[in-house]
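For reference, the structure discussed in these notes is given below.
The values are calculated or read from the model by the stated rules, or taken from the named source; none is laboratory data. Everything numeric here is computed off the predicted structure, so don't read it as measured data. Positions of Cβ are backbone-derived with ideal geometry, glycine not excepted, and every protein chain shown enters the neighbour counts.
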2 protein chains.
Amino acid sequence: MKFEFHNPTRVVFGAGVLGRMGVEAARLGGHALVVIGGGSVRVGGVLDKALGSLEAAGVAHTLFEGVEPNPRLTTVIRGGAAAVDCKADVVIALGGGSVMDASKVIASLPFYQGDPWDMMMHKGPSQRVPETALPIITVPTLAATGSEMNAGAVITNSELTEKSYVSAPCLYPATAIVDPLLTVSVPPDQTAYGVVDLITHVTESYFNGVGATPIQDRMAEAVVLTALEYGPKAVSNGKDVKAREQVQWASIVALNGWVQAGSGALGFPVHQIEHVLSAHTDMAHGAGLAILSPAWMRFAATRRPEKFEQFARRVFDADEAMDGIGRLEEFFRSLGCPTRLTEVEVGRDSFQRFAEDSVRVGGDGARVHGRPPLGIEDIIEILRLAA
Amino acid sequence: MKFEFHNPTRVVFGAGVLGRMGVEAARLGGHALVVIGGGSVRVGGVLDKALGSLEAAGVAHTLFEGVEPNPRLTTVIRGGAAAVDCKADVVIALGGGSVMDASKVIASLPFYQGDPWDMMMHKGPSQRVPETALPIITVPTLAATGSEMNAGAVITNSELTEKSYVSAPCLYPATAIVDPLLTVSVPPDQTAYGVVDLITHVTESYFNGVGATPIQDRMAEAVVLTALEYGPKAVSNGKDVKAREQVQWASIVALNGWVQAGSGALGFPVHQIEHVLSAHTDMAHGAGLAILSPAWMRFAATRRPEKFEQFARRVFDADEAMDGIGRLEEFFRSLGCPTRLTEVEVGRDSFQRFAEDSVRVGGDGARVHGRPPLGIEDIIEILRLAA
């Protein structure tokens with residue numbers, strides 16, 4: 001086991017902590033660029049409360065509105081210009097994963113020379129990651145991506161129909177203000193997709209790791225078991241704050257590096273294939289994962305059964321690897337998620353193109369990293385299993 | 001669930017990473033105060049390798065030698081003076097928990113006004129924690145305290161026969177260089193005490209927490225299960241590097257705040273009572289914990305049985321709370337640890353004094369914090385259960 005771990009983000013967690021936003025921002029500067037999505041934060045007075053908190057703390061603000069789901073490069077570039085124009089000292093992301101991811105890249109753009117698309121991972125060795133960024137505060141309104149406490153961002157280039165990601169130390173948020181009350185109005189489908197996303201974050205490192213990481217394995221199982229218990233409660237009754245709390249904390253632990261430390265995960269293959277799927281269809285990331293994750297597992301379990309048997313046994317008290325995978329798929333269905341490509345009207349005629357895009361955008365040109373590595377034929381087989 | 005979490009320490013983990021010390025130190029300054037214990041790091045060339053790494057990176061150093069087990073306030077004060085004299089930019093702790101704890105306080109002393117004993121927790125409301133410290137690099141040679149990645153330090157005042165602790169954000173090490181190869185020469189008894197220490201770190205928050213923290217519970221269980229599996233291997237064959245790795249990583253996760261986040265643990269009562277025991281007897285901390293921990297559990301389980309039942313079930317596949325505790329005690333014995341006060345020649349005539357010291361030094365004067373809070377009569381009952 002050999003690794004480095006560093007996550008400097010400070011987390012302020014609990015029902016009602018939104019009111020701390022102003023005080024936390026004031027520690028970082030006098031002018032905040034507040035980044036939001038399509039305006040759902042206006043509902044229920046969340047935005048008013050947030051801006052009021054800034055005003056009370058003497059922090060001026062400029063609002064940048066309109067980050068879309070699967071945030072576009074063009075939007076992010078406009079956000080970077082807005083940060084420069086208003087001379088922002090700090091960028092505050094008030095929204096879901098898209099808003100948080102967009103905000104990270106926005107915060108880096110005032111310091112970034114050249115084409116922002118160059119910072120994305122798909123560039124491989126020619127990628128130039130950002131080295132400096134304005135301090136970032138994340139205030140999630142959705143429990144899903146874990147973006148509030150990590151250094152990653154996923155951005156879509158709609159001209160190229162490509163979705164790729166960047167990860168750099170300067171993108172760690174300074175502070176994550178995590179108030180589960182902000183998630184009680186999230187509708188059941190989005191709640192369910194968030195649960196699928198967080199589960200997939202840990203299964204990716206669990207199944208693509210080096211093995212012999214007993215603490216990380218059990219931490220991953222802790223996240224999955226918590227999602228299995230509290231996810232359905234949050235979906236069926238959005239106002240169940242205790243369930244919202246547990247799902248949100250699970251989503252953070254799933255991708256803040258704790259579960260991944262030392263796991264030696266070789267890539268996130270389900271995510272890479274899903275990024276192609278949602279780049280082409282603009283479907284919700286979590287819905288794509290619910291479809292692809294069980295299919296990838298069935299493929300990979302035939303190659304490396306032991307870890308899938310452990311998962312089946314410890315998470316579902318099931319004897320067989322395939323039983324565990326079946327139970328997970330059933331769980332996704334029980335939350336109301338699609339688990340087959342036919343449900344989202346993706347036909348077999350797209351498989352070749354999706355597989356080619358996967359290895360090109362999300363891999364090294366020939367394969368998508370993972371255990372096992374996936375060539376074009378492998379990905380087509382996985383898509384067939386998801387059909 | 002309401003909490004703040006922040007741990008900015010960067011961890012560099014793996015067999016052989018000692019060689020990185022120089023490069024890591026050079027990032028923090030040009031002159032290092034290297035703090036060591038009684039000289040065991042001279043054995044096997046560890047110190048030579050460490051100093052060679054500093055020299056290769058152009059970092060000058062001053063050696064401060066002689067930190068004893070249960071490090072004394074007087075030693076720490078001399079260390080602080082040494083840091084000032086040599087104009088250290090960085091303090092490097094090369095040793096076990098005592099050396100790391102001493103180094104943290106040493107790093108704070110150049111900036112601390114007044115009596116250093118005032119920074120200790122036992123002072124209660126009049127405690128003045130340090131606000132600034134030199135950057136600290138920890139290089140553990142023993143897996144036990146988790147001090148390498150947290151902000152705490154335990155110091156003994158031998159004039160007062162008191163052992164107390166300090167915790168402050170400025171005491172987080174900048175970098176922890178964790179090389180499991182440095183632990184292969186640790187003898188079986190010290191290895192065993194380390195295993196007991198790390199287990200007790202998670203059981204303290206597990207059993208004294210608010211409950212309803214499912215992820216934290218399972219993370220605690222992950223640490224204990226890993227210690228149960230790999231601890232005996234590390235004790236019986238010190239050169240089993242894979243076992244050493246797992247035990248060391250478990251010891252870090254046990255007390256870096258991950259398990260504790262949101263648990264709302266009210267104090268570490270077993271530690272508080274043990275500090276009195278080892279302040280009076282100078283016995284190894286882990287040995288004291290092996291004696292006191294099962295006794296405290298038997299006491300507390302009669303008051304709050306549910307959590308102890310969960311522990312028995314999930315960790316030992318046992319039905320009854322008391323069975324789980326019995327199995328843990330057996331495990332401590334199987335590692336060669338004492339589990340009764342009679343084995344370390346502490347008689348019943350000391351109980352009253354130990355109980356009084358516990359509430360005075362480790363509590364609020366009337367009780368030691370915990371669930372349940374412990375008055376003098378309660379502590380005497382626990383000591384009787386440990387007799």
Residue hits (the range B:327-365; part of a loop (DSSP other than H, G, I, E, B), of a type in the set (A, V, I, L, M, F, W, C) and modelled with pLDDT under 95) are B:346
The residue from A:241, A:253, A:224 that alone is modelled with pLDDT of 95 or more and within 30 Å of residue A:380 (Cβ to Cβ) is A:224
- Message: When you check residue B:79 against the structure, is it away from every other protein chain (no Cβ under 14 Å) and modelled with pLDDT of 95 or more, yes or no?
- Response: yes
Listed by range, strands (runs of 3 or more DSSP E) wholly within the range A:1-66 having at least 3 residues that are within 20 Å of residue A:179 (Cα to Cα) and more than 14 Å from chain B (Cβ to nearest Cβ) are A:31-35
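Among B:176, B:254, which is the only one that is crowded, with 24+ Cβ neighbours inside 10 Å, within 11 Å of another protein chain (Cβ to nearest Cβ) and in contact with a Ser or Thr (Cβ under 8 Å, 6 or more places away or on another chain)? Let's see the steps before the verdict.
Details: B:254 fails: in contact with a Ser or Thr (Cβ under 8 Å, 6 or more places away or on another chain).
Result of the check over B:176, B:254: B:176.
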Exactly one of A:319, A:378 is touching a Lys or Arg at 6+ places or on another chain (Cβ under 9 Å) and closer than 24 Å to residue A:213 by Cβ, and that one is A:319
*Do the conditions hold for residue B:101, that is, is it charged (D, E, K, R) and surrounded by fewer than 24 Cβ atoms within 10 Å (Cβ to Cβ)?*
no
Reported set for the range A:202-239 where residues are in contact (Cβ under 8 Å) with a residue 60 or more places away in the chain, more than 10 Å from every other protein chain (Cβ to nearest Cβ), under 18 Å from residue A:370 (Cα atoms) and crowded, with 21+ Cβ neighbours inside 10 Å is A:203, A:204, A:205, A:206, A:207, A:208, A:209
- Task: Confirm whether residue B:304 is among the charged types (D, E, K, R) and touching a residue at least 60 places away in the same chain (Cβ under 8 Å).
- Result: yes
Discussion item. When you check residue A:304 against the structure, is it of a type outside the set (Phe, Trp, Tyr), closer than 25 Å to residue B:13 by Cβ and more than 14 Å from chain B (Cβ to nearest Cβ), yes or no?
Written reply: yes
Note on residue A:312: of the conditions (1) in contact (Cβ under 8 Å) with a residue 24 or more places away in the chain; (2) more than 14 Å from every other protein chain (Cβ to nearest Cβ), unmet is (1)
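Conditions (1) within 28 Å of residue B:249 (Cα to Cα); (2) not polar (S, T, N, Q), marked per residue:
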residue	(1), (2)
B:55	no, yes
B:66	yes, yes
B:99	yes, yes
B:108	yes, no
On the basis of being more than 23 Å from residue B:327 (Cα to Cα), touching a helix residue (DSSP H, G or I) at 6+ places or on another chain (Cβ under 7 Å) and in the same structural domain as residue B:371 (by TED's automatic domain parsing), does residue B:257 make the cut?
no
query: Can we say residue B:299 is modelled with pLDDT of 95 or more and farther than 19 Å from residue B:372 by Cα?
result: no
Over the range A:151-171, the set of residues within 30 Å of residue A:16 (Cβ to Cβ) and either buried (at least 24 other Cβ atoms within 10 Å of the Cβ) or in contact with a strand residue (DSSP E or B) (Cβ under 6 Å, 6 or more places away or on another chain) (or both) is A:151, A:152, A:153, A:154
The condition of being under 18 Å from residue B:249 (Cα atoms), touching a residue at least 12 places away in the same chain (Cβ under 8 Å) and either surrounded by 24 or more Cβ atoms within 10 Å (Cβ to Cβ) or not assigned by TED's automatic domain parsing to the domain that holds residue B:89 (or both) holds, among B:133, B:192, only for B:192
